[in-house]
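Okay, so here's the structure we're looking at.
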Amino acid sequence: MRIGLVTDSLGHLPFDDLLDTAASLGIETLEFGCGGWSAAPHLNLDQLLAHEGARATFMAKIRAHGLEISALNCSGNPLAPGAHGAAHARVVRDTVTLARLIGVSRVVMMSGLPGGPGDQNANWITTAWPPEGAAILKYQWDEVALPYWRELAKHAHANGLSRICVEQHAHQLVYNTETLLRLRDAIGDVVGVNLDPSHALWMGGDPLRAIPQLRGAIYHVHAKDTRIEHPNRELNTLLETKPNELVAERSWNYATLGHGQPAAWWREFVTLLRRNGYDDVLSIEHEDHSLPPDVGIRKSIALLREVRD
């Protein structure tokens, strides 16, 4: 497997410094944020869409460092009510178009989350009670999400994009194995998963059990860990709303690889991916507030090199 990097992990670095650093660390592929919830620190989506010369320069610099692009990332909420959702939906469509123009085969994104009828904000239904939640969910899927995704699939096919990699994330309609497969069954195999184990871990799932169920639908993988903070979890459960920066107060935290699950867990993760047809990029996403990015990324690279061989 190849070791990749979500470039927002080094978002403080200018583009050229990012490339120098990635190459010096032995990173093989890059995943660029294009907008949505990313500040897109390393590319200008509008500029690259408009200017062939800008695209040529962008790609030439990446290749000159011995690097490739594994995916473009446009994670956001294109289903949100109002102008917010419309802006994110535009980023998604433009990212799909850019993927064609620069020869990238994968786009990573999230499913999106609508509001309920008349809502001004997204509404994540996570319990069966009160009963009006079921009606809201039906509206969100049937009236908003599926029509949007059918149109997005047409746009993807028109641009020759065969792999939209949906990340299963909280506060999204698709957040677990069942909801990912529901979207894929409804839209077709242009929809697959960007498998990020960190989210399932804090929601109480087992990514190792999920991998065989997702066989054939695993299109891209994020290498990110979660550490459960058991004293806080025992008092407050895993439903956590404190800011990520308040590491000591939270019930769980995103962690550098090996600082949540041990190396043996990650070795099994890689082995199961291979057994189930995925032998491709492991894209490191550093969101550990306990370690500086350069330290956390180096540690993550070392662990992946150990467990992939």
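The values are calculated or read from the model by the stated rules, or taken from the named source; none is laboratory data. Predicted, not measured: the structure shown is a model, and the values here were computed from it. In this analysis, Cβ positions are derived from the backbone assuming ideal geometry, glycine residues included, and neighbour counts consider all displayed protein chains. Protein only, heavy atoms only, side chains kept; ligands, DNA and RNA dropped before computing areas. Shrake-Rupley method; radii C 1.70, N 1.55, O 1.52, S 1.80 Å.
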task: Could you please let me know if Ala22 is among the small types (Gly, Ala, Ser), over 27 Å from Trp141 (Cα atoms), buried (at least 23 other Cβ atoms within 10 Å of the Cβ) and in contact (Cβ under 8 Å) with a residue 40 or more places away in the chain?
output: yes
- request: Determine if segment 116-126 includes at least one residue that is among the hydroxyl-bearing types (Ser, Thr, Tyr), at pLDDT 95 or above and loosely packed, with under 13 Cβ neighbours inside 10 Å.
  value: yes
Contacts under 6 angstrom Cβ, first residue in segment 174-202 being within 26 Å of Glu240 (Cβ to Cβ), partner assigned to a helix (DSSP H, G or I), 6 or more apart: Val174/Leu180; Val174/Leu183; Thr177/Ala210; Thr177/Gln213; Val193/Leu180; Pro197/Pro207; Ala200/Pro207
query: Residues that are surrounded by fewer than 22 Cβ atoms within 10 Å (Cβ to Cβ): which strands (runs of 3 or more DSSP E) entirely in segment 191-309 hold 2 or more of them?
result: 225-228
field: Test for Arg100: is it open to solvent by less than 30 Å² (accessible area, probe 1.4 Å) and among the basic types (Lys, Arg)
entry: no
- request: Taking the options Arg305, Arg233, Arg298, name whichever one is of a type in the set (Lys, Arg) and closer than 24 Å to Thr177 by Cβ.
  value: Arg233
message: If I go through segment 62-92 residue by residue, how many of them are assigned to a helix (DSSP H, G or I) and either crowded, with 17+ Cβ neighbours inside 10 Å or on the phi > 0 side of the Ramachandran plot (or both)?
response: 7
field: Of the criteria (1) surrounded by fewer than 16 Cβ atoms within 10 Å (Cβ to Cβ); (2) within 17 Å of Val96 (Cα to Cα), which one Ser38 fails
entry: (1)
- prompt: Across segment 187-215, what is the total count of residues that are farther than 18 Å from Arg267 by Cα and touching a strand residue (DSSP E or B) at 6+ places or on another chain (Cβ under 8 Å)?
  reply: 8
Options Asp17, Asp8: the member that is acidic (Asp, Glu), part of a helix (DSSP H, G or I) and more than 30 Å from Tyr175 (Cα to Cα): Asp17
query: Taking the stated definitions as given, is Asn176 surrounded by fewer than 22 Cβ atoms within 10 Å (Cβ to Cβ), at pLDDT 95 or above and under 18 Å from the mean Cα position of the chain (by Cα)?
result: yes
